[in-house]
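Here is the structure we will look at, set down as structure tokens.
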Amino acid sequence: MPRSSNKKTKLTMVGMPAKESMYEYKTQRDGAFRPLMIRDPFPKRGLLQFQATQQTGDGVASLEAMKKAFLDDSNASLGWEYKFEWLELFVVIERSHLYFYRPECMFTGFNPRDALASIHIPEIINAETQSDLDILDLHTKSGKVYRFHSQQKGEVARWGFAIMHGSIYNADGADDEGADGEDADNDIWKRLNERNQASGGLDSAISKPADRLEESENAVLRELFKTIMNSNAAAGSDKKMPNPDNPSRMIDADYFDTADLMKWCSNRLNACADKKRRKAIEKVVTQDSIEEAVNSCMVHDHENTGHLTYEVFRGGMCDFTSKMREVVLTMLNTFDKLEDWEYLEKVSGELTTQEYIVMYHRHLQQVAKACRKQLHQDDDEDVFITNKKQVIQAKLNGVEKEVEGPVSYTHLTLPTKRIV
């Protein structure tokens, strides 16, 4: 049935608001001055498509344009997503922040120091999802809207739930700001040193024996496993299976099958707009190769479960000769290779003063390295670079932007904090 003829398709956004009355500090019945609840996001990491901030605007107009594109019959074969600009990012929930990384950080590892931008999660007041469009809108206190899209059905609902989760105040001895609160630690040098420790990426994980992975490496592989496993699940829910002890009851599944992997590969391929790259992928990933990947991976089923569980998947990914490894890594290589400034031009984050200084410090290091590289000089050389015309022009551009709008640096808008 053509989409436009389906009158029941309303494409309503479903919100998960953080009620201010639950999180604001006030005098409670016991006389204590505290909130009833604190924001307690679940750790999560994975690939999401981010809509360029310039396109999102206040979120209303661009959302209506997306709904119209989705219901338009002429876009049914190509997909409505191709009418909009998306940027694939590796997104991580960690330390009460939502961090945006270049997608290759999923492979190389990551730490907050290398983030393109971040949003302090308590600044997010509502997470709205739309299951047909598979989009997630994050609304902040400053009125900005950050929009994400996923090719995997139901994934945006899981992200929304993880971001907006809250807990009873002090239930686990936690403070509202914790280690990430701006008032928790004002020593910027200590913050810089803390962030030198990177979390392991996929490359690090699959270069080791399966039983010797670190916690952060296991976390990357497990999130990837869950994404594949839930590819065919209903929107907002996880894959189910009969309870072995009580077959009449359904419980969360702990394995995926050929259909799940095939669906995940199809969704990943839809996210690839580069025709040359698509052809290269289609030569490696076929229906036969996917079936072979699942069947051959079962040699790692050392506990004879008969299912492709996480332990079996991990064994296959850590096996250099595994077909599973070849298929999964091929399907992950669908994102565009962009320079840092191209990412920063599209991404804007809600930053604290400390976050701003950390990123400013990192950016200066990148500028120095880029200049030395262009001049074919070693990093340890102390050379003055004089180019007065470009320097003056850069300063002029900065002054013009300062006059026109909010404080910004290298296209990174800071809507909630101002450096004075």
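The values are calculated or read from the model by the stated rules, or taken from the named source; none is laboratory data. Remember, predicted model here, so these are calculated numbers, not experimental data. Backbone-built Cβ (ideal geometry, glycine too); neighbour counts: all protein chains shown. Surface areas here come from the heavy atoms of the whole protein model, side chains and all, with no ligands, DNA or RNA. Shrake-Rupley method; radii C 1.70, N 1.55, O 1.52, S 1.80 Å.
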* Asked: At a Förster radius of 25 Å, what calculated FRET efficiency corresponds to the Cβ-Cβ distance of T108 and T321, to the nearest 0.05?
  -> 0.60
* Can you work out ³J(HN,Hα) from phi for every residue in region 210-219, in order, using Karplus 6.51 cos²θ - 1.76 cosθ + 1.60 and θ = phi - 60°, giving whole Hz and x for Gly and Pro? -> 4, 8, 10, 7, 6, 4, 5, 6, 4, 5
* Asked: Efficiency by 1/(1 + (r/R0)^6): what FRET value for H307 and R372, r their Cβ-Cβ distance, R0 = 35 Å, to the nearest 0.05?
  -> 0.10
* To do: Report in % the part of the accessible area of region 250-317 that belongs to carbon and sulfur, leaving out ligands and nucleic acids; probe 1.4 Å.
  => 47 percent
* Per-pair calculated FRET efficiency, R0 = 30 Å: T27 and R222 via Cβ, rounded to 0.05 -> 0.10
* Structure fact -> Long-range amide H partners of A117, meaning residues 5 or more apart or on another chain whose placed amide H is closer than 5 Å, are F100
* Structure fact -> The farthest towards the positive end of the charge dipole of region 93-153, of the residues L136, S150, A115, given +1 on Cβ of Lys and Arg and -1 on Cβ of Asp and Glu, is A115
* Karplus-derived HN-Hα couplings along region 100-109 (A = 6.51, B = -1.76, C = 1.60, θ = phi - 60°), whole Hz, x at Gly and Pro -> 10, 10, 4, x, 5, 5, 4, 8, 7, x
* Using 7 Å Cα-to-Cβ label points, what is the S266/S289 separation (nm, one decimal)? -> 1.8 nm
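Mind ordering 143-154, 34-45 by average Cβ neighbours within 10 Å, highest first?
Working: 143-154: 20.8, 34-45: 17.7.
Sorting 143-154, 34-45 by mean packing, highest first, produces 143-154, 34-45.
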* Structure fact -> K26 neighbourhood, Cβ < 11 Å, K/R = +1, D/E = -1, net charge 0
* Options L308, N295, S322, ranked by Cα towards positive dipole end of region 270-335, top entry (Cβ charges) -> S322
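Can you work out the accessible area per residue across region 286-333, with the rest of the protein chains kept in place, probe 1.4 Å, in square angstrom? Please report the intermediate quantities before stating the final value.
Working: 2310 Å² over 48 residues.
Result: 48 Å² per residue.
Cross-link list K153/K283; K153/K263; K263/K283; K19/K68; K276/K337; K83/K239: which exceed 20 angstrom alpha carbon to alpha carbon? Could you put the intermediate results ahead of the total?
Working: K153/K283 25 Å; K153/K263 10 Å; K263/K283 17 Å; K19/K68 31 Å; K276/K337 14 Å; K83/K239 31 Å.
Pairs exceeding the cut-off: K153/K283; K19/K68; K83/K239.
If packing is taken as the average count of other Cβ atoms within 10 Å, what order do 250-261, 18-29, 104-115 fall into, highest mean first? Show your work: numbers first, answer last.
On the way: 250-261: 17.1, 18-29: 11.8, 104-115: 20.2.
The packing order, highest mean first, is 104-115, 250-261, 18-29.
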